[in-house]
Amino acid sequence: MNSVLAALIAASGTPSLDPTDSTGLPGYGELTKLANGIGSWALIASIVAILAGGVMWAFGHFSHNYQQALNGRKGVIVAAVAALLIGGSSQIINFFYSAGHNI
């Protein structure tokens, strides 16, 4: 059975894949706009989370509520890392795509 499969693959040639070719599917522009819009919303949510975490951190610090200050600090750090990943998402994807393409 494996020899039959290997013979079929050898006869059909090497399959190729080019995910950067956007001409094959309809709606490419709309999907690009949708991804950009979701990224914008995610950045706005990160800004709100940083503000809320900063307020929690400050109130927790000045009211000597160390658990609230810790949670606020964690919220600021998580929101900042989320904004970093959102901003660098296309470079991260391109890096891994090129690394996989070179295998």
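Summary table below
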| item | result |
| --- | --- |
| Sequence ranges 84-90, 22-28, ranked by mean other-Cβ count within 10 angstrom, highest first | 84-90, 22-28 |
| 3J(HN,Hα) from dihedral phi, the stretch 45-57, Karplus parametrisation 6.51/-1.76/1.60, rounded to Hz, x for glycine, proline | 5, 5, 4, 5, 5, 5, 5, 5, x, x, 5, 4, 4 |
| Additional length obtainable on full extension of the chain from PHE62 to SER89, 0.36 nm per residue less Cα span | 6.1 nm |
| Theoretical gain in end-to-end length, ALA99 to TRP41 [0.36 nm per residue, Cα-Cα removed] | 18.0 nm |
| Three-way shape label, the stretch 23-103, alpha-carbon gyration tensor, a/c 1.5 | oblate |
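FYI, it's all coordinate maths here, none of it is from the lab. Predicted, not measured: the structure shown is a model, and the values here were computed from it. Cβ atoms come from the backbone with ideal geometry, glycine included; neighbour counts cover every protein chain shown.
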